[in-house]
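Working notes, beginning with the structure itself.
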Amino acid sequence: MLTLASKLKRDDGVKSGRSSNTAPESTRRVSIRDRLLVKEVAELEANLPSTCKVNFPDVNKLHYFQLTVTPDEGYYQGGKFQFEIDVPEAYNMVPPRVKCLTRIWHPNITETGEICLSLLREHSIDGTGWAPTRTLKDVVWGLNSLFTDLLNFDDPLNIEAAEHHLRDKEDFRTKVQDFIKRYGR
Amino acid sequence: MAEMDDADDLGLPPSHGGGSGSKSAGDKMFSLKKWNAVAMWSWDVECDTCAICRVQVMDACLRCQAENKQEDCVVVWGECNHSFHNCCMSLWVKQNNRCPLCQQDWVVQRIGK
């Protein structure tokens with residue numbers, strides 16, 4: 001992270017130092033997305049929920065990171081769930097792309113890792129979808145809440161899991177914990 | 001404030017006038033030597049930072065700064081009274097014609113500086 005931040009500073013220095021026709025080229029190398037991310041990643045790391053950890057495999061790519069959520073309450077307590085967050089070049093006009101890497105039995109996450117979280121929806125008719133006023137902090141807090149407040153059995157993506165919960169809550173709990181033992185430790 | 005007649009006495013050192021003079025000078029406990037005026041100002045908009053690129057609306061947006069087009073970057077106000085950089089907002093309304101702050105349908109009220 002520090003590397004990109006210092007690159008931004010250096011580019012600004014170059015911009016003011018050189019003649020005007022070379023300046024735009026040197027600054028265009030750093031995209032709008034990356035400029036936004038420098039601020040957003042710092043804000044995210046300063047306000048991370050206690051159940052979340054982020055990892056940037058390449059410090060020069062602020063647009064790609066992994067999130068680990070370890071819920072401390074509810075059905076998913078004891079599990080460790082990995083997410084992959086990829087921020088497209090068109091950010092913040094479009095939302096980050098998020099995938100769940102840990103196989104999970106969850107009404108709002110499929111076994112293949114697709115996630116149903118309103119703020120990640122690019123086109124929505126109501127006000128709950130993506131908006132450029134949202135930040136990475138909102139995304140991470142939203143993902144974290146999928147294990148608590150936002151856990152939603154009424155509008156499921158994994159219909160089978162939601163029906164399972166409706167049918168037999170204890171059996172649902174057992175299956176969730178079984179998945180955690182096998183995939184989410 | 002002191003009357004004009006008394007103002008002449010203000011500058012006198014206490015020792016100068018002797019008996020009678022020192023009495024009138026002693027009445028003035030304070031005299032104004034210097035006065036610094038301080039004024040506050042802010043832009044006449046409800047939100048002074050563009051919620052899309054997070055740069056002050058009166059400065060050029062992130063895109064225009066990067067492309068060195070600071071002069072062309074103007075502000076747009078919606079009917080909802082929220083303001084953004086016009087370039088930021090025109091990108092967003094292509095996807096969703098609502099104010100990203102209040103979700104009302106976006107209707108332009110004014111464009112300018």
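Annotation for the A:B interface, with buried accessible surface near 1800 Å², both sides summed [1.4 Å probe; non-protein components not counted]. For the residue pairs A:Lys39/A:Lys61; A:Lys61/A:Lys99; A:Lys137/B:Lys69; A:Lys53/A:Lys175; A:Lys53/A:Lys99, the alpha carbons lie more than 20 Å apart in A:Lys137/B:Lys69; A:Lys53/A:Lys175. Take the Cβ atoms of B:Val107 and A:Glu73, set R0 to 41 Å, and the FRET efficiency comes out at 0.40. Here the label points at A:Asp149 and A:Leu101, each 7 Å from Cα along the C-beta direction, are separated by 2.7 nm in the simple model. For region A:39-183, the relative contact order works out to 23 percent when only alpha carbon pairs closer than 8 Å and six or more residues apart are counted.
Label reach from A:Thr128 (point 7 Å along Cα→C-beta): in region A:142-184, amide nitrogens under 18 Å belong to A:142-159, A:162-163.
Could you tell me what a quarter of the Cα convex hull surface of region A:39-183 works out to, in nm² with one decimal place?
Numbers: hull surface 35.3 nm².
Averaging across all directions leaves 8.8 nm² for the Cα convex hull.
For region A:39-183, a simple Cβ point-charge model (Lys and Arg +1, Asp and Glu -1, everything else neutral) yields a dipole of about 380 debye relative to the Cα centre.
The values are calculated or read from the model by the stated rules, or taken from the named source; none is laboratory data. Just so it is clear, the structure is predicted and the values come from calculations on it, not from any experiment. Neighbour counts are summed over all protein chains in view; Cβ atoms, including those assigned to glycine, are modelled from backbone coordinates with ideal geometry. These accessible areas exclude ligands, DNA and RNA; they are computed on the full protein's heavy atoms, side chains included. Shrake-Rupley method; radii C 1.70, N 1.55, O 1.52, S 1.80 Å.
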